[in-house]
Every structure is written in structure tokens, then in C-alpha cells.
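Following: one structure in C-alpha cells, then a few remarks.
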Amino acid sequence: MKKVLFLSVMTECAVLFFSCASVSINPDHIRIHFKKTNNWTDKNVINHTGDFIFKKSVPLEMVHYEKYTFCIRARLFNNGQTENILLIVDTGSPANVLSSRIYNKFENVRDSGFKFSENYIFSPAASVADVKGYSFDRLETDSFAVHNMLFQISRHKNFGCTVDGENVDGFIGMDVLRKCPFTYSVADRKLLFYNTADNTSAGAKFFFDKNAIKKNRLVTEFVLPGGKKIKGCMDTGAQETCLSRSLFTRSGRHLSYNFRAKYKFYSTYESLLDSCTFAGRTIYNIPVYRISGNPFNSGITIGLNILRNFDLYVNCAEGYYRRT
């Protein structure tokens, strides 16, 4: 069985299952216990994540990473150097994260002055590392560019590999993805950005929590069996849907095949939720995991085992999404 890590890139970041035995750690850029760390939801950080430039509305191919998770290709520029990179599209994370392997290829990267906590919930090195944020000259795709692009540098040399064996180099989070409306489609394997005037998406609107969207979290209504409405965070960085410990316990009569899953560094409980309703559609027999804590101030992390059933149009500026 492959190693499986249950990862939260920062204290209030996305939950991600990834498996690849080649994941390795570089201690060179670990800073232990900064007196003060920043948070990607802080207004000062949000205002200094880079200057977003929309280029054109062209589908960005999503590269298959692991199970339901996908990456996009990008080019990173700094001081005359260029690297092609693969970034996981992670709506559950406000952060942009870059591997130490890619960071170490560049010279004269600007220290942003921000310091972040890197918290791995279920790894053997939980909560040991604080890391710095660095600004690069430009991140570019065929659809958009970000000048003065801010990345949190991870202690990991890479984040595993795609199904075709390519290194995965980090995450692109909501501090960038929020800049324009976009459509995320697992079925078509595309990420498509729009100028606001370009979008003609039709269909019912489902709204995000107003306070959460200000901090770049896609928290919305999620309906459990029996009609109980809770808040859930839409997370394309999470392969599976995760319930908080208390919600998992309270949902007991709607769970079946409950068993304890043991991995090398942790154990958790997995089960089947008999039904749920998301974006106006009821889905049956959903695999769910139990997690400790409540990292999104919501009862559930809505992972790709649910989200992959939809083509989702997301408009953060107006605070809603549509099922297209």
C-alpha cells in the first residue's frame, strides 16, 4: 500500500490526500517558531499576493494528479530564470505553496517579509516548521499572469507526482483563483477563467457565506440526510469529503460500513454517508472521513468525490456559484 498523508498546508488550509513514496523533505528553509506568523487570510497578506492580469478566456488543461485531484501547468519567472511547474488547483486553500526543489533553482528571490506556519496534521513532523514567503517576478499561464507572485516555500522538495510521473511542485490557492470568475470541470479536465463581461453562465445561483468569502473560503450550504443544513467548504485540493468529529458522531444512523483505517502515521474512520444534497442535487452513498477539529469553521469539507459530479462556475466577487 502506498503511503498516504493527510495534509493541511497551513493551519487554515486545504485538506488533501496525496500518495507518492517519493515525497521528500528539505530542512534548509525551515524556521522553527517564529515569534509572529502571518496568515493567508490576513488582509495585509491578501493585498500583497501579486498583481493579477487576465490575458484571455482559454481552457487550461488539468493534469491528473491523484485520484480526483488535478494540476495546471504554469511558468515561473524570476531574475531572468524560468521554470515550468505543475500546481494543484486548490479552492480549499487561500495559500500559494511552492516546493523547496523549485525555490532552490532560483537566485535572488525577494523575501516578502511574511512568515507562515506549515502545519501537517497527521504527518510525523506535525507543527514543527515555520516557513517564509517569497515573491517571484511573475507566474504565467495561457489564461492569466500574476506579477510579484507570492509563494509560501514548503519544506517538501515535491508533492509527489502525477499519474504520468511528473513532479508536482505546489498549490495555487484562492488568493489567486478568486481574481476572476472561473469554471472548474473534472469531466472536461479544464479550468476556464473569464472576464466578468465574458461569462454567460445560466442556472440557479448558490451563495457563499459572506464572511467566509471575504477570507477566500468557498463556504456554502450543504444538506445532510433528514434535511439538516450545515456549512461546507468546497475544496478541490481534497480528494475525499471529510466530516468533523462531532458531525461524524451525530450522523451515525446515516453512516454504514464504518471502519477504522490505519496508515503508517495516523488512523481515522471512514464510512458511507447514505445521501447528501449539494448545489440542488442529491447524491447517494458518499465515502466520508472523520477529521479532528474544524479547520474551515464549517461542519464539512466538500471534497472532489462530490465536486467531480459538477461543472462549477464560481464568481467570488459576487459571492455565488452555479452548477453549469
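Can you list the residues, at least 5 places off or on another chain, whose amide H is less than 5 Å from the amide H of Ala279, using H built in the peptide plane?
The answer is none.
Can you list the HN-Hα couplings for region 142-147, worked out from phi with the Karplus curve (6.51, -1.76, 1.60; θ = phi - 60°), rounded to whole Hz and with x for Gly and Pro?
Ordered by residue, 3J(HN,Hα) equals 5, 9, 8, 9, 10, 7 Hz.
Within 10 Å, count the other beta carbons around each residue, average over each peptide in 275-288, 304-317, and list them highest first.
Packing proxy ranking, top to bottom: 304-317, 275-288.
Between Asp42 and Val163, what FRET efficiency follows from the Cβ-Cβ distance if R0 is 35 Å, with the result rounded to 0.05?
0.45
Can you pull the one-decimal nm distance between simple spin-label points at Ala204 and Lys56, each 7 Å off the Cα toward Cβ?
So the two model labels end up 3.7 nm from each other.
Taking H placed 1.01 Å from N in the peptide plane, check which residues at least 5 places from Val168 or on another chain put their amide H under 5 Å from its amide H.
Phe159, Gly160, Cys161, Thr162
Starting from the Cα of Asn148, step 7 Å toward the Cβ, then list every residue of region 34-57 with an amide N under 11 Å from that point.
So the set is 47-52.
Given Cβ point charges of +1 (Lys, Arg) and -1 (Asp, Glu) and nothing else, what value in debye, to the nearest 20, does the dipole of region 131-240 about its Cα centre take? Don't jump to the answer; show the numbers that get you there.
Details: 16 positive and 13 negative charges, 140 e Å.
Rounded to the nearest 20 debye, it is 680 debye.
Given points 7 Å out from each Cα along the Cα-Cβ axis, report the Lys214 to Glu270 separation in nanometres with one decimal.
With each label placed 7 Å out from Cα toward Cβ, I get 3.9 nm.
Could you run the Karplus curve 6.51 cos²θ - 1.76 cosθ + 1.60 with θ = phi - 60° over region 222-238 and give me ³J(HN,Hα) per residue in whole Hz, x for Gly and Pro?
9, 10, 7, x, x, x, 5, 9, 9, 9, x, 9, 6, 9, 6, x, 9
At 7 Å along the Cα-to-beta-carbon direction for both Asn309 and Lys105, put a label point, then send me their distance in nm to one decimal.
Result for the modelled spin labels: 3.9 nm.
Quick note: the coordinates plus some simple rules give every number you see, no bench work behind them. Owing to the predicted nature of the structure, the values given are computational and were not obtained by experimental measurement. Please note: Cβ atoms are built from the backbone with ideal geometry, for glycine as well, and neighbour counts cover all protein chains shown.
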